[in-house]
Amino acid sequence: MRRTSGTETTIMGVESTAHTFGVSVIDERFNVLADVRKIMPFTMGRGIHPHEAAEHHAKVAHLALNEVLEKAKLEIRDLGGIAYSAGPGLGPSLRVGATVVRAISAYLDIPLYPVHHGLGHIELAVRLTNVEDPLVVLVSGGHTAITGFSGGRWRIYGETLDITLGNLLDQFARRTGISGGTMGGPAVERAANEGNLWLDLPYTVKGNNVVYSGLLTYVLKLVGRESLEDLCYSLQETAFAMLTEATERAFIQLGKKEIILAGGVALNKRLQAMMNSVASGHGSRLHTLDERYHPDNGVQIALLGLYYHMLGLKMDVEDARVRQRWRLDEVDIPWRRKV
């Protein structure tokens, strides 16, 4: 990124990594002036098809932009900058968001900020909880990572070695049909609340890392032999126990004082309870967010744009690209000075 001398104080954030096309506007004091989300309809028994998600985003982009500007009482030329999710995510979906913001930036000469989607989840969580040096557990459809800040970056101290926790829950819900055209995670949680028989399922933790694909394969073989409620209950308990074990190990190793649970899967009440047990067991606290800000949203993207803007940085339009694969620990964090 290069420096700019812009003085405007409103930043737009555009999120388009997966099923949500989100647009938000914030000011320099982090007041959320408007937050609009257009979520792709789910088809029962199917996951997110990248090209269908892109088609959805292309259809709703102008509606979301007009709505957010109307709610924020702004003209688009009043913006001091536009941030967008550059990755990681679904390539076609990412490109829709990038194309929209590049056009606006080029036509109106508005500073442009490509940002890391997962970093947005983390930095928004830190901002909202006001925790200085937490261990952040990021759990979503695209991320399962245990992170802490060190040496100018959010370092990964534990992660999934195959599929994410969100992917595990979504795939099980989709293949068993319990999602009913909604997101898989909440469907599994609802069914799990009705289960009470614990089934012995594969449990794989390697150091601070977890492995979920074998668990998914095994539990799918039990469909039809055990009730779906008991399968969901056992799947949740096993998958969450694996992650909480890895989290506790990293928490002790790093000597952190507080834990933040971030990302869409962090809405799960059972996962919150298990992570809270880890924190309270070490005399610490678990922090979660207002339910509005765990799922994908434009606010988390706008916040990163604001940070870059305050440092006088921006990206030339011709250099603004997307990255489907982009590790969190590859991103330098210039606004955080503490080691």
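Bear in mind that the values in this text are calculations on the coordinates, not laboratory data. Being a predicted model, the structure only gives us computed values, none of them experimental. Here Cβ is always computed from backbone atoms with ideal geometry, including for glycine, and neighbour counts include all displayed protein chains.
Count the DSSP beta bridges whose two residues both fall in the chain, then state the antiparallel fraction as a percent rounded to the nearest 5. Don't jump to the answer; show the numbers that get you there.
Working: 29 of 47 bridges.
The antiparallel fraction comes to roughly 60 percent.
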Relative contact order in percent for the chain (Cα pairs under 8 Å, 6+ apart) equals 27 percent
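With n ≥ 4 as the cut-off for DSSP H runs, can you work out [θ] at 222 nm for the chain, using -39500 (n - 2.57) per run divided by the number of residues, rounded to the nearest 500?
Working: 9 runs with 137 residues, N = 339.
Calculated from helices alone, the mean residue ellipticity at 222 nm is -13500 deg cm²/dmol.
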With R₀ set to 30 angstrom, the calculated FRET efficiency between the beta-carbons of ALA103 and GLU70, to the nearest 0.05, is 0.95
Stokes-Einstein, Kirkwood over Cα pairs, the chain, 10 °C, 1.306 mPa s; D in µm²/s equals 78 µm²/s
Exposure proxy check on SER284, SER93, SER16: fewest-to-most Cβ neighbours within 10 Å is SER284, SER93, SER16
Ranked output for segments 133-143, 203-213 by mean other Cβ atoms within 10 Å, highest leading, reads 133-143, 203-213
